[in-house]
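Taking it in order: structure first as structure tokens, then the write-up.
The values are calculated or read from the model by the stated rules, or taken from the named source; none is laboratory data. Only a predicted model underlies this, so the values are computations on that prediction, with no experimental measurement involved. Glycine gets a Cβ as well: all are built from the backbone with ideal geometry, and neighbour counts include every protein chain shown.
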């Protein structure tokens with residue numbers, strides 16, 4: 001892998017998936033500004049996969065001592081999402097990747113990811129405004145058999 005250290009950002013597992021569907025929304029202006037800066041950096045300089053709080057979390061109002069305090073179980077649930085994302089993407093913590101390489105893996109994992117996490121996600125409404133998300137989450141029409149059934 002080429003040297004991506006100079007502009008590389010650290011991203012946790014679920015952000016490696018979910019940021020591809022970003023639609024300009026966030027908790028507050030500081031969070032959105034940070035998120036857009038992170039996206040710009042990863043598109044130009046790559047990403048390092050990490051476990052735990054990352055560059056996106058840095059401006060999250062729920063971040064407390066590197067843990068998500070959004071709800072009692074939030075940190076545990078998010079870490080499980082992160083582990084599943086890394087597994088599906090075939091990425092190890094500490095691995096440095098090009099953002100386009102990750103983007104290329106999303107269609108292959110999306111059906112599993114969508115069914116496991118997107119349907120009940122609090123950010124689903126924001127993702128629904130993203131054209132790529134809508135296209136990937138819309139079921140293909142059923143093909144009729146040779147007799148039109």
**Q.** Residues within the range 84-109 that are free of Cβ contacts under 8 Å to residues at least 24 places away in the same chain and farther than 20 Å from residue 40 by Cβ, tallied
**A.** 4
Q | Members of the range 25-47 found to be surrounded by fewer than 19 Cβ atoms within 10 Å (Cβ to Cβ), under 23 Å from residue 105 (Cα atoms) and in contact (Cβ under 8 Å) with a residue 40 or more places away in the chain, listed by number | A | 43, 45
Q) Which condition number in (1) exposed (fewer than 15 other Cβ atoms within 10 Å of the Cβ); (2) free of Cβ contacts under 8 Å to residues at least 24 places away in the same chain is the one that residue 112 fails? A) (2)
Q. Which of the residues that make up the range 135-149 are assigned to a helix (DSSP H, G or I) and either within 18 Å of residue 16 (Cα to Cα) or modelled with pLDDT under 90 (or both)?
A. 136, 137
